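Remarks on the structure that follows.
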Amino acid sequence: MRLNRRRGVLRTLAGICAMVPVGVFAGGVVGALGVVSAPASLAAQETRLLLISDDGTRDAVRRFLDAARVRGTPTEPLVSRALEGVAFRATPKEIERALAALEKRLKKSRELLGANSTVDELAAGADALAHGAPESALRDMRRIAPGRRLTVELGVLTELLAKDIAPKTAATMVLRLMARGASGTQLTELNAAVQKDVALGVKPVSALELRGRGVMSLLPPAGSVVTAQKR
């Protein structure tokens with residue numbers, strides 16, 4: 001029983017199962033790294049670290065953050081992940097492994113979304129990757145909407161993946177809608193409708209296809225949208 005629980009903790013810390021402070025979607029998976037409107041100052045981060053009561057764990061996390069900062073990694077997502085680990089009573093070693101995995105995904109997210117992406121975008125991208133999003137999907141999102149913040153779009157993709165929709169299927173739908181000019185609000189409404197349908201017993205992929213066609217019918221004809229505009 002304890003072994004199964006420990007394995008569950010590790011899966012959670014690795015980002016396979018999202019821990020959500022609700023930000024973009026109520027009750028959803030978006031924002032699993034807890035960086036929506038996150039405090040950026042070192043002082044604020046240090047205050048959060050004081051929530052870790054065990055001195056050894058807190059020192060280990062602080063050392064990791066210091067090293068990550070030198071490597072140019074945004075540290076606020078790492079702080080949030082460390083606090084999640086503490087909440088799940090993970091060991092210092094488990095937390096360090098989870099932080100290393102998250103840092104790797106944050107770097108990949110920056111590589112795919114671009115160096116000018118916000119911390120929120122990078123965190124949302126890392127979360128999407130943790131749920132199995134194709135790397136090409138992140139790159140294509142930026143290509144389709146170069147001047148747009150993609151936190152919502154990435155969050156929608158993550159939520160769909162969390163419903164066990166095949167990564168290629170979910171990514172294709174989100175990208176098609178973006179290419180046709182769908183707004184963040186429309187994508188959010190799509191996600192909410194899919195979640196509701198699934199709760200009523202509809203197969204996730206069927207719900208996505210149905211709701212996707214509905215949103216598509218409201219958008220301009222293919223080819224008439226040059227690029228997605230800033231919201």
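The values are calculated or read from the model by the stated rules, or taken from the named source; none is laboratory data. Keep in mind that what you see is a predicted model, and the values were worked out from it rather than measured. Quick reminder, even Gly has a Cβ in these numbers, built from the backbone with ideal geometry, and neighbours come from all protein chains shown.
One residue is enough: does segment 12-26 have a residue meeting the conditions touching a helix residue (DSSP H, G or I) at 6+ places or on another chain (Cβ under 8 Å), modelled with pLDDT of 50 or more and not in a loop (DSSP other than H, G, I, E, B)? No, segment 12-26 has no match at all. When LYS107 is tested against the conditions (1) assigned to a loop (DSSP other than H, G, I, E, B); (2) surrounded by fewer than 19 Cβ atoms within 10 Å (Cβ to Cβ); (3) on the phi < 0 side of the Ramachandran plot, the lone failure is (1).
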